[in-house]
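*Asks:* Can you keep this structure in mind? I'll have questions shortly.
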Amino acid sequence: MQITSRVASANDLGVLLDLYAAAVVEQRDIKPVWVIADALPEPADEAFRAIIRDEESLLVIGELDGAPLGFAWARSEPLLPQAGERVAVVRLIFTVLAARGVGIGDAMIRQIMEHFRATGHRRFDARVSPGHRHAKNFFESNGFAARLIVMHHRDDDDD
């Protein structure tokens, strides 16, 4: 069993869209607001193309024996000016359910962190939906700890 992580390219667009569609279904079930607040802007194919071209981003695909079973996207983002540094933010990470727990996510997060460390980053954030225990445990096992919880409220329509 060979687990690898590699940089995604425009040639991977079909695979990325399939994996992303599965991530959307999972996240919609966990926290419906994710689709309008934390997902990719639509259309997703254009969003992936922009991410691949973005010099501040890294998009990787995790594979098991050459089969793409996950993807992760991280982006360098500014902290407040007084910090004098940037943070690498894992914006999305997803592995198909049947392939979780074998190391695909670990390979992707390792590649992301190595890439951003090589560019001078020493701080890393990751976005995790409340209630997504698997994702929280995954990031904690990779040395992450919560630093912010975003609270959300939506007024329901009267009709």
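The values are calculated or read from the model by the stated rules, or taken from the named source; none is laboratory data. Remember, it's a predicted structure, so these values are computed and weren't measured experimentally. FYI the Cβ positions are ideal-geometry reconstructions off the backbone, even for glycines, and counts take in every protein chain you see. In case anyone asks, the SASA skips ligands and DNA or RNA and just uses the protein heavy atoms, side chains included. Shrake-Rupley method; radii C 1.70, N 1.55, O 1.52, S 1.80 Å.
*Asks:* Of SER5, ALA47, ILE36, which is farthest along the charge dipole of region 1-49 in the positive direction, counting Lys and Arg as +1 and Asp and Glu as -1 at C-beta?
*Replies:* In region 1-49, that residue is SER5.
*Asks:* Determine the per residue accessible area of region 103-159 with all protein chains present and a 1.4 angstrom probe, expressed in square angstrom.
*Replies:* Accessible area per residue: 76 Å².
*Asks:* I need to check one value: relative contact order of region 45-109, counting alpha carbon pairs closer than 8 Å and at least 6 residues apart, in percent.
*Replies:* Details: 96 pairs, mean separation 18.3, N = 65.
This gives 28 percent for region 45-109.
*Asks:* When a/c reaches 1.5 or more, the comparison of a/b and b/c decides; with that in mind, is region 108-154 rounded, prolate or oblate per its Cα gyration tensor? Intermediate values should be presented prior to the final figure.
*Replies:* Numbers: a/c = 2.77, a/b = 1.80, b/c = 1.54.
It is prolate, given that a/c is not under 1.5 and a/b is the larger ratio.
*Asks:* Still on this structure, I have one more. With unit charges on the beta carbons (Lys and Arg positive, Asp and Glu negative) and the dipole taken about the Cα centre of region 25-122, which residue among LEU59, ALA74, MET113 sits farthest to the positive side?
*Replies:* Looking along the dipole axis, the top candidate is MET113.
*Asks:* Something else about it: Sorting HIS152, HIS115, HIS121 by accessible area (1.4 Å probe), largest first, what list results?
*Replies:* Ranked from most to least accessible, the order is HIS152, HIS115, HIS121.
*Asks:* Further question on the same structure: Most fluctuating residue of ILE93, ILE51, ILE61 in a GNM of the chain with Cα springs under 10 Å: which is it?
*Replies:* ILE51
*Asks:* Further, regarding this structure: Where both partners of a DSSP beta bridge lie in the chain, what percent of those bridges are antiparallel, to the nearest 5?
*Replies:* Here the antiparallel bridges make up roughly 90 percent for the chain.
*Asks:* Report the charge-dipole magnitude of region 1-60 in Debye, nearest 20, computed about the Cα centre from +1 at each Lys and Arg Cβ and -1 at each Asp and Glu Cβ. Could you put the intermediate results ahead of the total?
*Replies:* Numbers: 5 positive and 11 negative charges, 26 e Å.
Rounded to the nearest 20 debye, it is 120 debye.
*Asks:* Run the dipole for the chain about the Cα centre, Lys and Arg Cβ at +1, Asp and Glu Cβ at -1, nothing else charged, and hand back the magnitude in debye, nearest 20. Mind dumping the intermediate values first?
*Replies:* Working: 18 positive and 24 negative charges, 173 e Å.
Around 840 debye, computed over the chain.
*Asks:* Using Cα pairs under 8 angstrom and six or more residues apart, how large is the relative contact order of region 1-83, in percent? Please list the in-between numbers first.
*Replies:* Numbers: 87 pairs, mean separation 32.5, N = 83.
With pairs under 8 Å counted, the relative contact order is 39 percent.
*Asks:* 5 Å is the cut-off here: which amide hydrogens, built 1.01 Å from N in the peptide plane, fall below it relative to ARG123, excluding neighbours closer than 5 in sequence?
*Replies:* For ARG123, whose amide H was placed from the backbone, the distant partners under 5 Å are ALA88.
*Asks:* Using alpha-carbon pairs under 8 Å, 6+ residues apart, how would you state the relative contact order of the chain in percent?
*Replies:* Details: 213 pairs, mean separation 36.8, N = 159.
Relative contact order here is 23 percent.
*Asks:* Hey, another quick one. Would you mind classifying the chain by shape? Square roots of the alpha carbon gyration tensor eigenvalues, ordered a ≥ b ≥ c; an a/c under 1.5 is rounded, otherwise it is prolate if a/b is larger than b/c and oblate if not. Can you show the working numbers first?
*Replies:* Numbers: a/c = 1.38, a/b = 1.10, b/c = 1.25.
Rounded, because the longest to shortest axis ratio a/c is under 1.5.
*Asks:* Using Cα springs under 10 Å in a Gaussian network model of the chain, which residue among ALA107, ALA23, ALA47 shows the largest mean-square fluctuation?
*Replies:* Result: ALA47 has the largest fluctuation of those listed.
*Asks:* Now for a different question. Between LEU64, LEU13, LEU80, where does the largest GNM mean-square fluctuation fall for the chain, given springs only between Cα atoms within less than 10 Å?
*Replies:* Checking each option, the largest mean-square fluctuation is seen for LEU80.
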